[in-house]
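Engineer: Next up is a structure, given as structure tokens.
The values are calculated or read from the model by the stated rules, or taken from the named source; none is laboratory data. All of these numbers come straight from a predicted model, not from anything done at the bench. Reconstructed Cβ throughout: ideal geometry from the backbone, glycine too, with neighbour counts over all protein chains shown.
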Amino acid sequence: MARTTVTTTRGPVRGERRGDGSLRFLGIPYAQPPVGDLRFAAPVPPEPWTEVLDATSYGPTAQRRPFAEVTTIPEPSIPGAGVLNLNVFTPDTDTDTDTDTATGAGLPVLVWIHGGGYVAGSAASPWYDGSAFNRDGVVLVSLGYRLGIEGFLHLDGAPDNRGVLDWIAALTWVRDNIARFGGDPAKVTVAGQSAGGGAVQTLLAVPAARGLFRGALSASGAVMRPDGPEVARAVARLFTARTGVPAAAAALRDLSDDELLDLQDRLGAPGPDREGLPPLLSLAPFADGELIPDPVLEALTDGEAGADVPLMLGFTAHEFNAVPAPGPDGPPLPALLGGMGLAPDRVDAFTAAYAPGGPDLLFGQALTDATFRAPSLAVADARAARERPTWLYEFAWESPVARMAFHCLDLPYAFDLLDAEGVTAAAGDAPPRALADAMHRAWVSFVRDLDPGESWPRYTGADRATMVWDTEPRVERDPLRQVREIWLS
């Protein structure tokens, strides 16, 4: 790999030219390391540097512990303080082996925000490599951000939604620097999956992010519900009640990573004192009344948030269906469904619709519907009613490994990375190439043209055209009617 150098607004960085016709620059800082007085502060731009910064290996990750020993997506944890960094993958449009600036190709840009429930995840995953997007003329940027307590717990003496401020800081870096890497700062699409998809929806509702991107792509997006400052304060009170440590920046600033994560585990444990709090995503972006003026889902369905931004959004058919129901000592199913927001008069309709799968499927399907499918469908319906450019999809191809279209399974297809580490374990030995070609092509078209292509019409109130990604992709008219009738009517 021949090396190449680009001068950013803060200083020069040296990346590598790859044999596939792309360049990559890894671990570029977009803010100072969040340590000491900056641990719970808004992100601060890096100090300028003059010596060339080596950008040939991934930078530190905010993730210190993954969700589990084995996760669907390979998610490496990399030690170090400088977790506010990003990676740039760009087509090699310069024939020189070393250059001080890119050619200014003006290419469209995809900014990727990783998932992980806002408490885990890694921008250094091989599933987020940008080579296929580069092949098709798109610059890809992936970013890291503060997670868990450091990013999202309401704390005295600290700004709220510090992780959201990190996303905005990274997008600002893209605006100011991406032309030097061949991208066009006026052609940025922000995208992400799971928590990253929720990040996209959140950014649509953040006035401070306006103008930093022109398109949005939310895959399996998840946002806090219920949402609002009173919920965030209740979570902070629960933190103090369970740990004995004040929810204050001064009390937490000097704790080690392990000490902070142990406190976070205690906050996240189940228990009766969690009643009224979000069943999932207690540490997540929330409406603080300032940076995020209104609850995200309300802003997207009842307000004007994101009205001028084309949006592609969707989910897999069986996101969390593999999650087992609580044991016999747990709450009965109707109570669990009520906790997920299902109206009492809809419980019978839900159980009748999915009863053949048994109690475990009912619980997992409820998690899938309540967390991903129903909220995204509500956003699509609201935007369609206002004639805002929207495209809805469901990824329905079932992996032979689990016989489900489960959470994260769609990503190697969207990124066209079927040969990446871990894909065979998730998708089997022969994942369908044609599906990856079609799905990736639609994503590229959306980033380039703000339209996924002629074969995928807009989602409108007239026909609710939905792309179903399967072995043979197809557009269906309102295939999610049952979800709407049960969860949204």
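Engineer: Out of L263, L283, which single residue is touching a residue at least 24 places away in the same chain (Cβ under 8 Å) and in contact with a Ser or Thr (Cβ under 6 Å, 6 or more places away or on another chain)?
Structural biologist: L263
Engineer: Here is a further query. Among (1) closer than 26 Å to F315 by Cβ; (2) in contact with a Gly (Cβ under 7 Å, 6 or more places away or on another chain), where does F213 come up short?
Structural biologist: Of the numbered conditions (1) closer than 26 Å to F315 by Cβ; (2) in contact with a Gly (Cβ under 7 Å, 6 or more places away or on another chain), the odd one out for F213 is (2).
Engineer: Shifting gears a bit: Going through region 65-86 one residue at a time, which ones are closer than 24 Å to A41 by Cβ and either not in a loop (DSSP other than H, G, I, E, B) or not β-branched (V, I, T) (or both)?
Structural biologist: Within region 65-86, R65, S77, P79, G80, A81, G82, L84, N85, L86 meet the criteria.
Engineer: Which ranges mark the helices (runs of 4 or more DSSP H) fully within region 354-435 that have 2 or more residues being modelled with pLDDT of 95 or more and over 20 Å from the mean Cα position of the chain (by Cα)?
Structural biologist: 374-385, 423-427
Engineer: State whether the residues of region 326-337 include one that is within 23 Å of D381 (Cα to Cα), outside any helix (DSSP H, G or I) and not basic (K, R).
Structural biologist: no
Engineer: Still on this structure, I have one more. Any idea which residue in region 442-468 is farthest from G192 (Cα to Cα), counting only those that are part of a helix (DSSP H, G or I) and without any contact (Cβ under 8 Å) to a residue 24 or more places away in the chain?
Structural biologist: Looking at residues that are part of a helix (DSSP H, G or I) and without any contact (Cβ under 8 Å) to a residue 24 or more places away in the chain, I get D449.
Engineer: Take the residues in region 18-35 that are in contact (Cβ under 8 Å) with a residue 60 or more places away in the chain and of a type in the set (A, V, I, L, M), then tell me which one is surrounded by the most Cβ atoms within 10 Å (Cβ to Cβ).
Structural biologist: Checked region 18-35; the qualifying residue surrounded by the most Cβ atoms within 10 Å (Cβ to Cβ) is L23.
Engineer: Continuing with this model, one more query. Could you check region 214-235 and list, in sequence order, the residues that are basic (K, R), surrounded by 15 or more Cβ atoms within 10 Å (Cβ to Cβ) and not assigned by TED's automatic domain parsing to the domain that holds P66?
Structural biologist: Of everything in region 214-235, just one residue is basic (K, R), surrounded by 15 or more Cβ atoms within 10 Å (Cβ to Cβ) and not assigned by TED's automatic domain parsing to the domain that holds P66, namely R225.
Engineer: Does Y118 qualify as being surrounded by 24 or more Cβ atoms within 10 Å (Cβ to Cβ), among the aromatic types (F, W, Y) and in contact with an Asp or Glu (Cβ under 7 Å, 6 or more places away or on another chain)?
Structural biologist: Working: surrounded by 24 or more Cβ atoms within 10 Å (Cβ to Cβ): yes; among the aromatic types (F, W, Y): yes; in contact with an Asp or Glu (Cβ under 7 Å, 6 or more places away or on another chain): no.
No.
Engineer: Pick out the one residue from G163, G182 that is out of contact with any Phe, Trp or Tyr (no Cβ under 7 Å at 6 or more places or on another chain) and surrounded by 21 or more Cβ atoms within 10 Å (Cβ to Cβ).
Structural biologist: Criteria check complete, one pass: G182.
Engineer: Moving to a separate point now. Just one of G59, G27, G11, G21 is in contact with a Leu (Cβ under 7 Å, 6 or more places away or on another chain) and closer than 25 Å to G422 by Cβ; which is it?
Structural biologist: Being in contact with a Leu (Cβ under 7 Å, 6 or more places away or on another chain) and closer than 25 Å to G422 by Cβ holds for just one of G59, G27, G11, G21, which is G59.
Engineer: Restricted to region 334-384, and to residues that are acidic (D, E) and in contact (Cβ under 8 Å) with a residue 60 or more places away in the chain, which residue is farthest from T316 (Cα to Cα)? Lay out the reasoning, then the answer.
Structural biologist: Going residue by residue through region 334-384, those that are acidic (D, E) are 345, 348, 360, 369, 381.
Those still in the list that are in contact (Cβ under 8 Å) with a residue 60 or more places away in the chain too: 369, 381.
Working: D369: 10, D381: 18 Å.
Ranking the qualifying residues of region 334-384, first place goes to D381.
Engineer: Considering region 144-198 alone, what residues qualify as being of a type in the set (S, T, N, Q) and out of contact with any strand residue (DSSP E or B) (no Cβ under 8 Å at 6 or more places or on another chain)?
Structural biologist: N161, T172, N177 - these are the residues of region 144-198 that are of a type in the set (S, T, N, Q) and out of contact with any strand residue (DSSP E or B) (no Cβ under 8 Å at 6 or more places or on another chain).
Engineer: Right, something else. Across region 457-482, which residue is surrounded by the most Cβ atoms within 10 Å (Cβ to Cβ) among those that are of a type in the set (A, V, I, L, M, F, W, C) and closer than 17 Å to R383 by Cα?
Structural biologist: Here the answer is M467.
Engineer: Might you let me know whether region 287-295 holds any residue that is touching a residue at least 60 places away in the same chain (Cβ under 8 Å), touching a Ser or Thr at 6+ places or on another chain (Cβ under 9 Å) and either not in a loop (DSSP other than H, G, I, E, B) or not assigned by TED's automatic domain parsing to the domain that holds T202 (or both)?
Structural biologist: Yes: region 287-295 contains one or more residues that are touching a residue at least 60 places away in the same chain (Cβ under 8 Å), touching a Ser or Thr at 6+ places or on another chain (Cβ under 9 Å) and either not in a loop (DSSP other than H, G, I, E, B) or not assigned by TED's automatic domain parsing to the domain that holds T202 (or both).
Engineer: Another question, if that's okay. Among what's in region 385-432 and is among the charged types (D, E, K, R) and either assigned by TED's automatic domain parsing to the domain that holds F133 or over 16 Å from R474 (Cα atoms) (or both), pick the residue that is surrounded by the most Cβ atoms within 10 Å (Cβ to Cβ).
Structural biologist: Only one residue tops the list, namely D416.
Engineer: Here is a follow-up. Residues that are within 25 Å of I113 (Cα to Cα) and crowded, with 17+ Cβ neighbours inside 10 Å: does region 236-249 have at least one?
Structural biologist: Going residue by residue through region 236-249, those that are within 25 Å of I113 (Cα to Cα) are none.
Within region 236-249, none of the residues are within 25 Å of I113 (Cα to Cα) and crowded, with 17+ Cβ neighbours inside 10 Å.
Engineer: Let me ask you something else. Among the residues of region 46-60, is any under 30 Å from A269 (Cα atoms), out of contact with any strand residue (DSSP E or B) (no Cβ under 6 Å at 6 or more places or on another chain) and modelled with pLDDT of 95 or more? Reasoning before the result, please.
Structural biologist: Step one: filter region 46-60 for residues under 30 Å from A269 (Cα atoms), giving 60.
Filter again for out of contact with any strand residue (DSSP E or B) (no Cβ under 6 Å at 6 or more places or on another chain), leaving 60.
Right, trim to modelled with pLDDT of 95 or more and you get 60.
Checked against the condition, which is being under 30 Å from A269 (Cα atoms), out of contact with any strand residue (DSSP E or B) (no Cβ under 6 Å at 6 or more places or on another chain) and modelled with pLDDT of 95 or more, region 46-60 yields at least one hit.
Engineer: Which of the residues belonging to region 296-316 are assigned to a strand (DSSP E or B) and in contact with a Ser or Thr (Cβ under 7 Å, 6 or more places away or on another chain)?
Structural biologist: The answer is L311, L313, G314, F315, T316.
Engineer: Something else: Give region 103-115 a look and list any residue that's crowded, with 24+ Cβ neighbours inside 10 Å and small (G, A, S), or say none.
Structural biologist: G115
Engineer: Okay, moving on. For the structure I just gave you, tell me whether G196 is under 20 Å from I292 (Cα atoms), within 22 Å of the chain's Cα centre (by Cα), buried (at least 24 other Cβ atoms within 10 Å of the Cβ) and modelled with pLDDT of 95 or more.
Structural biologist: yes
Engineer: Limited to region 36-57, what total is found for residues that are surrounded by 15 or more Cβ atoms within 10 Å (Cβ to Cβ) and closer than 18 Å to D166 by Cα?
Structural biologist: 8
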